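Everything on this sheet refers to the single structure shown next.
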Amino acid sequence: MAKSANLSNGVAPIWVETGDGDFTPTRTCIGFFVEVAGDVTFTTGGNTITRAFLDSQLVTCQVDSFSATGTTATGICALVI
């Protein structure tokens with residue numbers, strides 16, 4: 001029986017530190033975690049978005065890339081599968 005794409009990548013996402021700068025995941029990003037509150041600028045579906053997030057906030061969404069420009073939050077980890 002063949003494994004589905006998600007099963008072959010693992011059931012739970014892998015956390016990858018973005019370095020709080022420009023970052024483009026090499027795997028499918030299904031969300032991110034913000035350790036210290038602030039703005040995060042990211043691209044999803046061709047749209048660039050900047051939003052404020054709280055300390056220790058977990059966000060579920062598809063992210064194509066993160067941008068250092070406009071980002072003030074720190075401790076950002078991408079959740080990839």
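Annotations
- Qualifying positions in region 19-29 - among the β-branched types (Val, Ile, Thr) and either at pLDDT 95 or above or surrounded by 13 or more Cβ atoms within 10 Å (Cβ to Cβ) (or both): 24, 28
- Apart from one condition, residue 69 fits all of (1) under 22 Å from residue 81 (Cα atoms); (2) β-branched (Val, Ile, Thr); (3) loosely packed, with under 13 Cβ neighbours inside 10 Å; the exception is (1).
Okay, residues lined up against (1) at pLDDT below 95; (2) open to solvent by 70 Å² or more (accessible area, probe 1.4 Å); (3) basic (Lys, Arg):
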site: 9; (1), (2), (3): yes, no, no
site: 15; (1), (2), (3): yes, yes, no
site: 31; (1), (2), (3): no, no, no
site: 35; (1), (2), (3): no, yes, no
site: 50; (1), (2), (3): no, no, no
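- Number of residues in region 32-81 that are of a type in the set (Asp, Glu) and assigned to a loop (DSSP other than H, G, I, E, B) equals 2.
The values are calculated or read from the model by the stated rules, or taken from the named source; none is laboratory data. A quick note: this is a predicted structure, and the numbers were derived from the prediction, not measured. Neighbour counts are summed over all protein chains in view; Cβ atoms, including those assigned to glycine, are modelled from backbone coordinates with ideal geometry. Areas reflect the complete protein model, heavy atoms only, side chains present, ligands, DNA and RNA absent. Shrake-Rupley method; radii C 1.70, N 1.55, O 1.52, S 1.80 Å.
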